[in-house]
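> Structure below; questions to follow.
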Amino acid sequence: MALSASINPLLMLVGDWRGQETIEPSKWGPGGMAEATVSCREELDGRAYVQTYAAERDGKPWLQAHVVFTCDPADNDCSLFWFDSLGFVPAQPAPGQWDGETLSFVRSSPRGRSRHVYSPQGDDAYAMRLETSFDDGTTWVLVMTGHYTRID
């Protein structure tokens, strides 16, 4: 999907999706594969987008999240509020930016920084990469990659 800078990049996430994820080994657990379902809908007349995410590993629930996105298409500034089943509540939104090809957000918390990068893959798919930094963004470690296909 070739989204122009004047179009809200969050539109690429709207819909129902199923995805395959590759989880890298980390201090939080072993690596492996996961399957996820994602649903994203427009709310508040397009001022916010709400995403529900649920992933399974080995047929068992692994991670659940609720995400609230906002974006101002006039200046391409976006925000992400991430709430997950690990229990961490965001102290502030993660700032984001659409560069014409990827939508990136960097979350900061006491456990480090996380970078979420969303990339459209045509009209019916997108990829997401999650990276973590424990040195204020000097170096990044890959945590997860996922590819999601529209199911609605």
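The values are calculated or read from the model by the stated rules, or taken from the named source; none is laboratory data. Just so it is clear, the structure is predicted and the values come from calculations on it, not from any experiment. Note: ideal-geometry Cβ built from the backbone for every residue, glycine included; neighbour counts use all protein chains shown.
> Pull up segment 1-26, narrow it to residues that are of a type outside the set (A, V, I, L, M), modelled with pLDDT of 85 or more and not in a strand (DSSP E or B), then point me to the one that is nearest to W98 (Cα to Cα).
Among those that are of a type outside the set (A, V, I, L, M), modelled with pLDDT of 85 or more and not in a strand (DSSP E or B), it is P9.
> Residues that are modelled with pLDDT of 90 or more and charged (D, E, K, R): does segment 63-80 have at least one?
No, segment 63-80 contains no residue that is modelled with pLDDT of 90 or more and charged (D, E, K, R).
> Would you mention how many residues in segment 112-129 are modelled with pLDDT of 95 or more, of a type in the set (S, T, Y) and crowded, with 17+ Cβ neighbours inside 10 Å?
Result for segment 112-129: 2.
> So which residues in segment 75-88 are over 16 Å from the mean Cα position of the chain (by Cα) and without any contact (Cβ under 8 Å) to a residue 24 or more places away in the chain?
Scanning segment 75-88 gives D75, G87.
> Pairs, please: C-beta under 9 Å, at least 6 apart or cross-chain, first residue over 18 Å from T132 (Cβ atoms) and in segment 95-113, second polar (S, T, N, Q) and not in a strand (DSSP E or B)?
Going by the 9 Å Cβ cut-off, the qualifying pairs are Q97/N76; W98/N8; W98/N76; D99/N76; G100/S4; G100/N76.
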